[in-house]
Amino acid sequence: MTSIAIVGAGPQLGLTIARTFGSQGFDVALISRNRTKLDGLVGELTAEGINAGAFPADVLDRNALTQALKDAAVQFGGIDVLEYSPVGTFGITALTAPAGTEPSHVEFEMNFQLYGAIAATKVVLPAMREAGAGTLLYTTGAGSIWPDPRVANVNAAAAALRNWAMNLHKELADAGTGVQAAHVGIDASIGVSVIPGVEAARPEQIAPLYWELHTTRRDEAELVFKLDAEGFPRG
């Protein structure tokens, strides 16, 4: 059996990634803060014939996140793919322009994005290295690549996660581990436009990039999702 753990399993992109992998026979472990919402998502996947489980944890609570991933590995016989994309930035923290950014504005985002990703990786990577196979995928907005001054504090942490993920890709590839690590940059809002001027894309347009990185594009450290002038996806 193969399994994917999705950290930050929101009802849009997280659920769609779960369906993408679940339709290919993967068991799905969903990890986020809200147990009630997770149970609802598990119910949807189960009704579609996908074996899924809910593992509530806040990414800011390292011990809880670690335990959730360990529990998922026990239930599903290991974790073959980790997808890290915690949701909830908007409404949880203030969005700041560069000159108005305080260290605390970036500190929260670093905990949420980079440090959570590192903690999750530390749980699953040893078994992947031992098996000589596995996939580690990390998601940010495209501000990690092309900064937007309206969300400077979020961009700073996202850029740190991107840099770390791409360095991890090189380390694992150079060592011939068989483990793929990659960053997915999303140059679009998901579902509805959140930031003026940033187009919205359907999660079904974005999710295939994750499957491609796991299967046919394992030598790539990054894919960027962007809609073209006609509204079609490019990645």
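The values are calculated or read from the model by the stated rules, or taken from the named source; none is laboratory data. Remember, predicted model here, so these are calculated numbers, not experimental data. Heads up, the Cβs are rebuilt from the backbone with ideal geometry, glycines too, and the neighbour counts pull from every protein chain shown. Keep in mind that these areas ignore ligands, DNA and RNA; they rest on the heavy atoms of the full protein, side chains included. Shrake-Rupley method; radii C 1.70, N 1.55, O 1.52, S 1.80 Å.
Results for (1) more than 19 Å from the chain's Cα centre (by Cα); (2) open to solvent by 50 Å² or more (accessible area, probe 1.4 Å), shown as yes or no for each residue.
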| residue | (1), (2) |
| --- | --- |
| Ala57 | no, no |
| Arg62 | no, yes |
| Ala73 | no, no |
| Gly78 | no, no |
| Glu83 | no, no |
| Leu95 | yes, yes |
| His105 | yes, no |
| Gln113 | no, no |
Residues in the stretch 178-197: is at least one part of a helix (DSSP H, G or I) and either modelled with pLDDT of 95 or more or of a type in the set (Gly, Ala, Ser) (or both)?
no
Working only within the stretch 1-31, note down all residues that are of a type outside the set (A, V, I, L, M) and part of a helix (DSSP H, G or I).
Gly14, Thr16, Arg19, Thr20, Phe21, Gly22
Among the residues of the stretch 32-51, are any buried (at least 18 other Cβ atoms within 10 Å of the Cβ) and in a strand (DSSP E or B)?
no
Could you tell me which numbered condition Gly10 fails, if it satisfies all but one of (1) in contact (Cβ under 8 Å) with a residue 40 or more places away in the chain; (2) closer than 25 Å to Phe225 by Cα; (3) surrounded by fewer than 21 Cβ atoms within 10 Å (Cβ to Cβ)?
(3)
Tally time: how many residues in the stretch 125-154 are among the hydrophobic types (A, V, I, L, M, F, W, C), surrounded by fewer than 15 Cβ atoms within 10 Å (Cβ to Cβ) and at pLDDT below 95?
1
In the stretch 106-150, the residues that are assigned to a helix (DSSP H, G or I) and hydroxyl-bearing (Ser, Thr, Tyr)
Tyr115, Thr121, Ser144
Hey, does the stretch 155-163 have a residue that's of a type in the set (Lys, Arg) and surrounded by fewer than 22 Cβ atoms within 10 Å (Cβ to Cβ)?
no
